[in-house]
Amino acid sequence: MSDNFEKYIKSNKSAFDDKEPSERVWNKIDSEISSEGRNFNWIWKVAATLFFCSTVYLFFQKAESKEELMAHKGQISEDFVDIESYYFQIISDKRDLIYDFDTQETPIEVDFEQDLQKLDAMYQVLKEELKTNPSKKVVDALILNMLVRIDVLNEKIDELEKSEQSEEDDSQSSSKDASV
């Protein structure tokens, strides 16, 4: 059926060429196109306005977050300086106490010194990371490093005190044996 229709159109093409729709038909087509175009333009205007408003909002939001981040970085640094000075004082006192034990009878082991040097090196790496990327995780890692150092120092102090106590006990028992 569509083949017959196509043949009819092709064979009578010249009869259709000189016919034009009436003015009323053209006006109706024009009004429909114009009204659709206006609706379409209105949508684009709304979309452009929304895009502009959201861009401005995000721009100012990002600027505020940068200011907050800078303030937060400053706060992290200030808080950490106080914590760091507190723990460094404890570490320094404990090191002094250990080196007071350092005599010919109880020398400080090389392994102990190396462990402290490794912890110091890790601390320096974390400190550099804090400068480039200040975050709570880095601060927590720095504090943990200091706590581990304090723990290692405490263990060494306990070990030295026990060895000194056992030496005193040995000397007391040998002096009792000599007097008997």
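Hey, any hits in the stretch 23-32 for a residue that's modelled with pLDDT of 70 or more, over 34 Å from the mean Cα position of the chain (by Cα) and outside any helix (DSSP H, G or I)?
no
With the condition kept exactly as written, say whether any residue in the stretch 84-96 is out of contact with any helix residue (DSSP H, G or I) (no Cβ under 7 Å at 6 or more places or on another chain), at pLDDT below 65 and either under 23 Å from residue 141 (Cβ atoms) or acidic (Asp, Glu) (or both).
No, because not a single residue in the stretch 84-96 is out of contact with any helix residue (DSSP H, G or I) (no Cβ under 7 Å at 6 or more places or on another chain), at pLDDT below 65 and either under 23 Å from residue 141 (Cβ atoms) or acidic (Asp, Glu) (or both).
Among residues belonging to the stretch 136-174 that are farther than 18 Å from residue 113 by Cβ and among the acidic types (Asp, Glu), point out the one that is surrounded by the most Cβ atoms within 10 Å (Cβ to Cβ).
164
Check 137, 176, 156, 162 and return the single one that is at pLDDT below 90, under 19 Å from the mean Cα position of the chain (by Cα) and assigned to a helix (DSSP H, G or I).
137
The values are calculated or read from the model by the stated rules, or taken from the named source; none is laboratory data. Computed from a predicted structure; not experimentally measured. Here the Cβ is made from the backbone with ideal geometry for all residues, glycine too, and neighbour counts use every protein chain on show.
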